[in-house]
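A short write-up of the structure that comes next.
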Amino acid sequence: MTRALNPSRFAPLLTSLAAIAAALILGGIFLAMRGKDPLAAYAMLVTRGLGTPYGITETLIRMAPLLIVSAGLLISLRAGVWNIGIDGQLLVGALFAGVAATAVAGQVPNPVMWLIAALAGMVGGLLWALVPGILRVRWGLNEIITTLMMNYVALNVTSWLVKGPVKDPDVVPPQTRLIPREMRLPDIAGTGVHVGLLVGLVVVVLVAILFRHTVIGFMLDVVGRNRLAAIHAGMPVNRLTLLALLASGALAGLAGANDILGVKGLFQGNWNPGYGFAAFALVYLARLNSLWLIPFAYFLSFLVIGGEMMARPLGIPTYFVEMLEGLMLLCFAVATWFERMRSPFAHTDEVEVGPANAGEPPGPMVGEPVLEPVARAAGGQS
Amino acid sequence: VGQVLLDGRDITNRGVAAATRLGIGYVTDDRLHEGSVAESSVADNVALKSIGRKPFSNGFWLNRRAMEEQARHLIAEFDVKTPGPHTPIGMLSGGNIQKLLLARELALDPKLLVCNKPTTGLDLRTAQFIIRSLREQADAGKVVVLIASELDELLEISDRIGVMYNGQLVAVMPRAEADPETLGHLMLGGTRRPRKAMA
């Protein structure tokens with residue numbers, strides 16, 4: 001109720017925080033049903049995840065790919081394009097990066113090698129997004145289906161490649177050549193966190209600038225909020241749609257490259273980090289606002305790392321954290337429903353604040369009347 | 001089949017962006033779904049159709065200050081009731097949205113302004129205001145094409161009235177020759193009776 005009295009730019013965050021609180025309570029009930037003490041579990045989550053140097057370092061390392069991936073997803077969702085194919089784009093990008101890095105490692109200075117690998121990763125992710133992009137723009141195929149399907153293709157194609165054409169011939173398991181530890185991304189001075197985190201922060205800030213200060217960002221927002229109005233205003237809607245999908249694919253690929261160069265050092269056949277789902281939770285909790293991704297990315301990373309550190313000693317499955325993420329999205333959807341019932345526009349006074357339909361699908365197809373109830377409720381009568 | 005000519009040049013199927021650049025303004029009859037982005041601010045909506053050009057941007061970087069200034073200017077000039085330029089346009093009444101859409105087109109100083117049923121669903125005062133604004137444009141030497149089915153409105157301000165039937169322009173006449181009966185007859189597919197000539 002304070003929101004109605006004092007509408008501020010941080011008001012939409014209350015919905016997200018309420019969703020997180022509700023998810024934690026529901027998660028606690030599940031823990032209790034399994035005979036665990038939820039308070040003790042959450043206490044351990046906090047003391048290990050936030051209270052130990054290991055927990056904090058691992059959390060910050062995990063933040064990097066989440067920031068990059070969710071910044072990309074945010075671009076596409078703001079433009080009303082549902083890129084469900086983050087995971088596949090990330091895998092292809094990671095494989096490209098792993099191959100490119102080992103191909104030039106030792107022959108060029110390390111920073112050049114990192115740059116080449118990062119670009120290769122972006123190209124890989126972009127190519128994987130290009131297929132659904134063209135299908136969408138040329139023939140109107142729903143990208144929700146095609147990007148999702150491309151995930152399975154990516155999973156199998158990369159695992160085939162890594163068993164054959166790009167396999168390290170000197171070892172038995174299916175994997176690319178190992179990038180020697182001294183050639184991987186260096187740590188930020190004085191910490192155990194590699195510089196990928198800085199890349200993630202820069203990407204998030206660039207995306208914020210894109211939407212706040214550039215014509216392209218403005219047009220992407222218009223396409224996402226009201227496709228018909230974008231067409232009416234003479235905007236190149238198809239090109240913008242394709243751009244949004246390609247940008248999010250390229251950033252997914254960059255996140256893949258980040259993990260190869262900073263954490264893993266090689267691409268393994270069975271590796272699939274599944275950041276895509278976490279990215280959806282993140283982007284919605286941040287209310288499609290780029291800068292808000294940073295605290296939420298830290299929180300979700302903390303949940304994953306702290307959750308692992310808590311789950312093992314307490315005998316809770318590590319899937320518990322994934323369940324929490326899912327519960328958060330569910331609770332968020334319910335919370336935005338309540339929010340809309342009260343006031344559809346209360347939080348859109350600031351320019352960069354996410355659209356009022358942040359909780360529901362931006363219409364992926366032309367003419368889908370997503371805005372209709374809102375518009376009718378707000379301005380139907382003269 | 002057919003051609004669209006502007007100043008003798010063929011501009012058939014040139015697309016919205018090209019038409020805007022050529023100096024054609026269009027006020028849609030679907031102000032909520034086509035004309036405006038409900039969740040975006042008044043300022044954003046005012047800049048919507050010319051966002052890629054000065055003063056709203058240099059083609060890449062937005063000039064948010066110019067967008068806001070233009071919004072304030074149009075709000076004052078057209079007496080738009082809104083809390084401010086940052087209010088989402090969907091919060092305004094239909095009449096105030098319509099005023100902004102017309103103001104947005106006029107600010108682009110079009111050679112030709114096409115208005116599609118601009119007074120539908122508006123209160124009488126706003127409707128009168130819209131109609132008067134269109135007349136002023138015509139008096140200032142602009143070409144205004146008003147598409148409407150309100151015969152009183154057309155008879156009040158038009159110089160010439162054309163009647164469409166089944167996708168064909170069946171008659172064009174000066175206002176002096178038009179009366180509701182003649183127009184109604186033509187609208188229902190009748191031919192033009194020579195009654196006026198005989199009288």
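Quick grid of which residues meet (1) within 19 Å of B:Glu105 (Cα to Cα); (2) surrounded by 21 or more Cβ atoms within 10 Å (Cβ to Cβ):
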| position | (1), (2) |
| --- | --- |
| B:Gln3 | no, no |
| B:Ile11 | no, no |
| B:Glu34 | yes, no |
| B:Val42 | yes, yes |
| B:Pro55 | yes, no |
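If the condition is being β-branched (Val, Ile, Thr) and either under 15 Å from the mean Cα position of the chain (by Cα) or surrounded by fewer than 22 Cβ atoms within 10 Å (Cβ to Cβ) (or both), then the range B:81-120 contributes B:Thr82, B:Thr87, B:Ile97, B:Val114, B:Thr119, B:Thr120. Residues in the range B:100-113 that are under 11 Å from B:Lys142 (Cβ atoms) and in a helix (DSSP H, G or I): B:Glu105, B:Leu106.
Taking the range B:144-168 as the range and being in contact with a helix residue (DSSP H, G or I) (Cβ under 9 Å, 6 or more places away or on another chain) and either of a type in the set (A, V, I, L, M, F, W, C) or surrounded by 19 or more Cβ atoms within 10 Å (Cβ to Cβ) (or both) as the test, the residues that pass are B:Val144, B:Leu146, B:Ala148, B:Leu151, B:Glu153, B:Leu154, B:Leu155, B:Ile157, B:Ser158, B:Ile161, B:Val163, B:Met164.
Taking the range B:114-199 and the strands (runs of 3 or more DSSP E) fully enclosed by it, the elements with 2 or more residues that are farther than 24 Å from B:Asn96 by Cα are at B:160-165, B:168-174. Across the range A:206-232, the number of residues qualifying as surrounded by fewer than 19 Cβ atoms within 10 Å (Cβ to Cβ) and more than 10 Å from chain B (Cβ to nearest Cβ) comes to 1. Out of the range A:131-146, which residues are under 11 Å from A:Arg239 (Cα atoms) and of a type in the set (A, V, I, L, M, F, W, C)? Residues satisfying the conditions are A:Ile134, A:Val137. When restricted to residues that are over 28 Å from A:Ala100 (Cβ atoms) and more than 14 Å from chain B (Cβ to nearest Cβ), the range A:233-260 contains 1.
Before we move on, is A:Ala278 in contact with a helix residue (DSSP H, G or I) (Cβ under 9 Å, 6 or more places away or on another chain), more than 14 Å from chain B (Cβ to nearest Cβ) and either surrounded by fewer than 16 Cβ atoms within 10 Å (Cβ to Cβ) or at pLDDT below 90 (or both)? For A:Ala278, the condition - in contact with a helix residue (DSSP H, G or I) (Cβ under 9 Å, 6 or more places away or on another chain), more than 14 Å from chain B (Cβ to nearest Cβ) and either surrounded by fewer than 16 Cβ atoms within 10 Å (Cβ to Cβ) or at pLDDT below 90 (or both) - is not met. The range A:8-78 holds helices (runs of 4 or more DSSP H) entirely within its bounds, and those carrying 3 or more residues that are within 18 Å of A:Ala278 (Cβ to Cβ) and within 25 Å of the chain's Cα centre (by Cα) map to A:11-33, A:53-78.
Candidates in the range A:194-205 are the residues that are surrounded by fewer than 20 Cβ atoms within 10 Å (Cβ to Cβ) and touching a helix residue (DSSP H, G or I) at 6+ places or on another chain (Cβ under 8 Å); of these, the one that is modelled with the lowest pLDDT is A:Val195. Look at A:Gly200 and say whether it is within 14 Å of chain B (Cβ to nearest Cβ) and not aliphatic (A, V, I, L, M). Judged against the criteria, A:Gly200 is not a match.
Selection over the range A:188-220 of residues that are within 21 Å of A:Ile68 (Cβ to Cβ) and touching a Pro at 6+ places or on another chain (Cβ under 9 Å) gives a count of 5. Looking only at residues of the range A:90-109 that are in a loop (DSSP other than H, G, I, E, B) and without any contact (Cβ under 8 Å) to a residue 60 or more places away in the chain, we find that the one that is surrounded by the fewest Cβ atoms within 10 Å (Cβ to Cβ) is A:Gln107. Answer yes or no as to whether B:Pro110 is out of contact with any Gly (no Cβ under 9 Å at 6 or more places or on another chain) and within 14 Å of chain A (Cβ to nearest Cβ). No; evaluated as a whole, the condition is false for this residue. Would you say B:Arg72 is modelled with pLDDT of 90 or more and surrounded by 23 or more Cβ atoms within 10 Å (Cβ to Cβ)? So B:Arg72 does not fit the description; no.
No other residue among B:Ala171, B:Ala140 is over 26 Å from B:Val80 (Cβ atoms) and not β-branched (Val, Ile, Thr) apart from B:Ala171.
Scanning the range A:283-315 for residues that are aliphatic (A, V, I, L, M) and over 24 Å from A:Thr15 (Cα atoms) returns A:Ile305, A:Met309, A:Met310, A:Ala311, A:Leu314.
The values are calculated or read from the model by the stated rules, or taken from the named source; none is laboratory data. Model, not experiment: these values are computed from the prediction. Quick reminder, even Gly has a Cβ in these numbers, built from the backbone with ideal geometry, and neighbours come from all protein chains shown.
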